[in-house]
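For reference, the structure is listed below as structure tokens.
The values are calculated or read from the model by the stated rules, or taken from the named source; none is laboratory data. Please read these numbers as outputs of a predicted model, since none were measured by experiment. Here the Cβ positions follow ideal geometry from the backbone for every residue, glycine too, while neighbour counts run over all protein chains shown. Just the protein is used for accessible areas: all its heavy atoms, side chains included, with ligands, DNA and RNA removed. Shrake-Rupley method; radii C 1.70, N 1.55, O 1.52, S 1.80 Å.
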Amino acid sequence: MAIGRKIGVFICHCGGNISDYVDVKAVAEAVANEPGVVVSKNHMFTCSDAAQQEMIDDIQGLELDGLVIASCSPKLHMFTFRDMAERGGINKYQYVHVNLREQCSWAHTNDKTGATEKGIALVRAGIAKASLSVPLTALRVDTIPKVLVIGAGISGLRGALALSDMGLSVFIAEKEKDAGGTVKNWGRMAPDDQHGSEIVKNLLDEVKRRDNIMLYTDAEMIAKSGYIGDFKVTLRVGEHDSVELQVGAMLIATGFDSYEPQQGEFGYGLDGVVTLPQFRDFADQQDGELTYNGKPVKNVAFVYCVGSRQKKTEACPEPNQYCSRYCCNAGTHMAVCLEDRPGDLNQYHLYRDIRTYGHNETIYEEARTRGAVFMRYQDTEAPTVADTADGLVVTVKDQLMGGEEVEIQADLVVLITGMVPKKNETLMNLLKLPVSKDGFLNELHIKLRPVETVIDGVFLAGSAQSPKTMAESVGASLAAVSKAGGLLMKGFVDLEPLIARVDTDKCLWCDECLKACPYGAIEKIHHGEKEVAFVVKSLCKGEGACVPICPHDALDVEGYTDQQITAMIDACSKEVVPA
Amino acid sequence: MSRVSSKLASAVKCSDTFNADACMHCGVCTAVCPMGIEMLPRKLFRYVQVGLEDKVRENISTIYQCLLCGMCAENCPAEVNIADNVRFLRKYINENEFNLS
Ligand SMILES: Cc1cc2nc3c(=O)[nH]c(=O)nc-3n(C[C@H](O)[C@H](O)[C@H](O)COP(=O)(O)OP(=O)(O)OC[C@H]3O[C@@H](n4cnc5c(N)ncnc54)[C@H](O)[C@@H]3O)c2cc1C
Ligand code: SF4
Ligand code: SF4
Ligand code: SF4
Ligand code: SF4
């Protein structure tokens, strides 16, 4: 099988990380006579500049056409060695990475003989794969310098302006008749007291001034095709119109929904029990003394953590376990806003824990010193709200009184509801974006790739990804802008060629692969007389769901062909099953 | 079970004297009190802060036992002005319970 191949094998000590537990010299010797191998060596640190130069010299001097490096995890150095292979002049996809550290030496620190045997088997498998490798070229696609922003809350609007600053054309699609999102009609917002309505108005005015931004309201995506750099999108606009757009990237700035309490949850449903968003909707429109249904409000009770940090119980089989982040800030800030109003209003804030991180802590302090009373309750003994002859009565066990029960007669009970994932069935069906355990849109990596998604070219902007304050939402949106901008300003994108391919002779179009593909990368095409499957290269992720499904063995993933995998297994089991 | 009184709650809020918001319930005041008044001041202040008038009424004799010596305030790590708070309470009781003004 390896006739005429010239493969170089390089086995790393990793200082002692590998060589302390695997006899790396024995491994190099054991594989030196494998078919196709022309050189087999050890290096103290394969990734060092000196070792890389030596390998480049071998690639060129021995005219290698395949490379196996047995070292650390590919997560660490696969790209290092791919680049090195290219500098040496061989195709980077003819380089095979064997993980001898995480998957061998570190896993078997108590058995050097066994680890060495396993190391030999792993390297043999790598050689078998390299000897069947073929040169592959990355797929270069041109990118369209336009972006679609879905959602015109502060995240979407601020993101659109930043994209426009980069010289990219922007389309914004907003589902509602009015742009601006959650805060568009509200007054003072934490932490700096700027009005929500004013922030939104300023953003919208600026958006309207830009020639390269087009804002569609009452608009929703109804069809999508294409791929990174070149998406084709249809928007429904108003009742009857639609527009077709071609964009290179998308920002998902669809925000969140507020938790809707169940009937009876903290008295929800009773007259005078409202959520914080409902409260802001009427209170922010009033000047002077606070009134509810025309009557002055003297006593208000706020209940925190409603719909957040829930525990699994019979009544709550699918709890929202996360903290909604914004709400302690919003609740304590609202306390200060109420203190600023005329009238002698008493306010009681029933909380589980106060999480006013950063400079919101000073707002909490101001609320307390100005007379808002904070009472801590335990989640196992939550406050109750009852409708009595005296009006609404909230009963709470105050932790600071050692759990003594206190009744508060309240004119108004405000439930500080958390953020929940936006309901967006149409959009989710079109985009096929995965969601996290909490139901929010999932990022690719929680720390290192917080705004990218599994769909290349689709980025998460703001609270659609997880509960966030305004500053955090805008920060996330601008991160998404920098990813989209970085992609589109270059003008092209190179895609991994390690994707599925169809053997048109074997394929009989049964559509099994189409059903199996999670990325919609399979299409039906005509091929001569018959119909066959076709892989849209820019959509295929190469994860191979289609391959084992095909009843006619017509599919393979480049770089991981059935032939290569079989050869690897054979090589691994050489001693067990003599050839 | 006791119910919050708007009257006391408002009086506490409007007062410049009463302030127990910084109290962290450490108990130092109780430990140093020469009268050995067990519940003064932290628990009492909590009742007052929340506006539990009936609890205040139940503890009138305790409130008048205090010597206003200031040991507690001297030692309070949160700098709660305990003696002033007791003065405020006595004034409130004088006015509302004993109808003195
Ligand atoms: C009661 C309350 C008080 C708050 N107080 C504060 C505060 O004081 N300070 C602070 O920093 N933060 C506060 N927040 C948080 C703040 O509201 C959010 O951080 C902010 O609104 C997030 O902006 P966004 O653009 O990501 O989402 P949103 O404001 O929710 O905007 C999302 C937009 O996308 C649109 N959309 C959704 N789906 C689609 C679709 N399929 N197609 C087209 N458009 C779509 C929506 O209609 C909406 O216009 C508060 C939140 C609440 C609920
Ligand atoms: S290539 Fe990996 S295993 Fe080898 S020296 Fe570098 S870090 Fe260590
Ligand atoms: S921010 Fe505060 S109110 Fe909101 S869920 Fe977290 S702890 Fe509860
Ligand atoms: S599963 Fe196989 S035979 Fe069926 S359409 Fe796909 S490639 Fe063709
Ligand atoms: S010493 Fe001060 S902080 Fe400690 S319990 Fe007494 S009043 Fe509160």
- Residue mean of other protein chain beta carbons inside 10 Å, A:401-413: 4
- Query: What is the set of long-range amide H partners of residue A:23 at a cut-off below 5 Å, with H atoms built 1.01 Å from backbone N?
  - Reply: A:116
- Counting only protein heavy atoms and using a 1.4 Å probe, what share of the accessible area of the range B:6-96 belongs to carbon plus sulfur, as a whole percent? 49 percent
- Note on the structure: Ranked output for segments A:250-260, A:482-492 by mean other Cβ atoms within 10 Å, highest leading, reads A:250-260, A:482-492
- Relative contact order [Cα under 8 Å, 6+ residues apart], chain B, whole percent: 34 percent
- Calculated FRET value between residue A:525 and residue A:193, using beta carbons and R₀ = 51 Å, to 0.05: 0.25
- Query: Can you pull the percent of Cα pairs in the protein assembly as shown with separation above 49 Å?
  - Reply: 39 percent
- Query: Could you state the principal axis extents of the C-alpha atoms in the range A:50-144, from the largest down, to the nearest angstrom?
  - Reply: 53, 38, 28
- Take every residue in peptide A:387-397, count the Cβ atoms of other chains within 10 Å of its Cβ, and give the average of those counts. 1
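Grab the Cα-Cα distance for residue A:388 and residue A:543, subtract it from 0.36 nm times how many residues apart they are, and report the gain in nm with one decimal.
On the way: separation 155, 0.36 × 155 = 55.80 nm, distance 6.16 nm.
Answer, rounded to one decimal: 49.6 nm.
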- Note on the structure: Nearest-0.05 FRET efficiency for residue A:570 and residue A:54 at R0 = 22 Å, using Cβ-Cβ distance, is 0.10
- Item | Under Karplus coefficients 6.51, -1.76 and 1.60, residue-wise ³J(HN,Hα) of the range A:66-75 in Hz, glycine/proline x | x, 9, 10, 10, 9, 8, 7, 5, x, 4
- Task: Just tell me how shielded A:374-381 is by partners: mean number of partner chain Cβ atoms within 10 Å of each residue's Cβ, no decimals.
- Result: 1
- Task: Report, in whole Å, the centroid distance computed from the Cα atoms of the range B:63-101 and the range A:430-506.
- Result: 62 Å
- What nm value, rounded to one decimal, do you get for the distance between residue A:240 and residue A:20 when each label is placed 7 Å out toward the C-beta? 7.7 nm
- Please give every one of the lysines within straight-line cross-link reach of residue A:184, meaning a C-alpha to C-alpha distance under 19 Å, and leave out same-chain neighbours fewer than 8 residues apart. A:175, A:201, A:208, A:422, A:468
- Message: Using only the heavy atoms of the protein chains and a 1.4 Å probe, how would B:26, B:76, A:104 rank by accessible area, largest first?
- Response: B:26, B:76, A:104
- Message: Just want to confirm a number: the relative contact order over chain A, from Cα pairs under 8 angstrom separated by 6+ residues, in percent.
- Response: 14 percent
- With a/c under 1.5 counting as rounded, go ahead and sort the range A:164-222 into rounded, prolate or oblate using the C-alpha gyration tensor (a ≥ b ≥ c being the square roots of the eigenvalues; past the cut-off, prolate if a/b is larger than b/c, else oblate). oblate
- Query: Ordered by packing density, taken as the mean number of other Cβ atoms within 10 Å over each peptide's residues, highest first, how do A:502-510, A:324-332 rank?
  - Reply: A:324-332, A:502-510
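Mind pulling the per residue volume of the convex hull built on the Cα atoms of the range A:47-92? Å³ is fine.
Working: hull volume 3.0 nm³, N = 46.
Once divided by residue count, the hull of the range A:47-92 is 64 Å³.
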- Query: With each label point set 7 Å from Cα along the Cα-Cβ vector, what nm distance links residue A:76 and residue A:405?
  - Reply: 6.2 nm
- Excluding ligands, DNA and RNA, the carbon-plus-sulfur percentage of the accessible area of chain A with a 1.4 Å probe reads 51 percent
- Enter the buried accessible area of the A/B pair, total of both sides, probe 1.4 Å, in Å² rounded to the nearest 100. 1900 Å²
- Could you work out the relative contact order of the range A:246-343, using alpha carbon pairs under 8 angstrom and six or more residues apart, expressed as a whole percent? 20 percent
- Cys residues of chain B counted as unpaired, since no other Cys beta-carbon is under 4.7 Å: B:14, B:23, B:26, B:33, B:66, B:69, B:76
- Any lysines with Cα under 17 Å of the residue A:541 Cα? List them, leaving off those in the same chain fewer than 8 positions away. A:432, A:515
- Message: Helix A:112-131 against the longest principal axis of chain A: what's the angle in degrees, Cα atoms only, rounded to the nearest 10?
- Response: 80 degrees
- Task: Identify all lysines with a Cα-Cα distance to residue A:483 below 17 Å; exclude those on the same chain that are fewer than 8 residues away in sequence.
- Result: A:146, A:447
- the range A:3-66 versus the range A:234-277: alpha-carbon centroid distance in Å: 58 Å
- Item | Computed Rg/Rh of the range A:499-557, alpha carbon atoms with Kirkwood Rh | 0.91
- Classify the range A:259-418 as rounded, prolate or oblate from the Cα gyration tensor: take a ≥ b ≥ c as the square roots of its eigenvalues, call it rounded if a/c is under 1.5, otherwise prolate when a/b beats b/c and oblate if not. rounded
- Message: Between residue A:284 and residue A:262, what is 0.36 nm times their sequence separation minus the Cα-Cα distance? Round to one decimal in nm.
- Response: 5.4 nm
- Just name one of A:513, A:245, A:424: the one whose Cα is farthest towards the positive end of the charge dipole of chain A (beta-carbon charges, Lys/Arg +1, Asp/Glu -1). A:513
- Grab the alpha carbons of the range A:1-85, take their convex hull, and tell me the volume per residue in Å³. 91 Å³
- Query: Any idea how far the Cα center of the range A:355-421 sits from the one of the range A:180-201, in Å?
  - Reply: 25 Å
- Message: Accessible area per residue for the protein assembly as shown in Å², computed with a 1.4 Å probe and the full protein assembly in place, what is it?
- Response: 46 Å²
- Calculate how steeply helix A:49-61 sits against the longest principal axis of the alpha-carbon atoms of chain A, using the helix alpha-carbon long axis, and give the answer as 0 to 90 degrees to the nearest 10. 40 degrees
- Longest segment of chain A lacking GluC sites (Glu not before Pro) that sit in a DSSP loop with at most 12 other Cβ atoms within 10 Å: A:315-528
- With the Cα gyration tensor of the range B:6-96 giving a ≥ b ≥ c as the square roots of its eigenvalues, does the rule (a/c under 1.5 for rounded; else a/b larger than b/c for prolate; else oblate) give rounded, prolate or oblate? prolate
- Message: On C-alpha positions alone, give me the angle between the axis of helix A:470-490 and the longest principal axis of chain A, in degrees, nearest 10.
- Response: 30 degrees
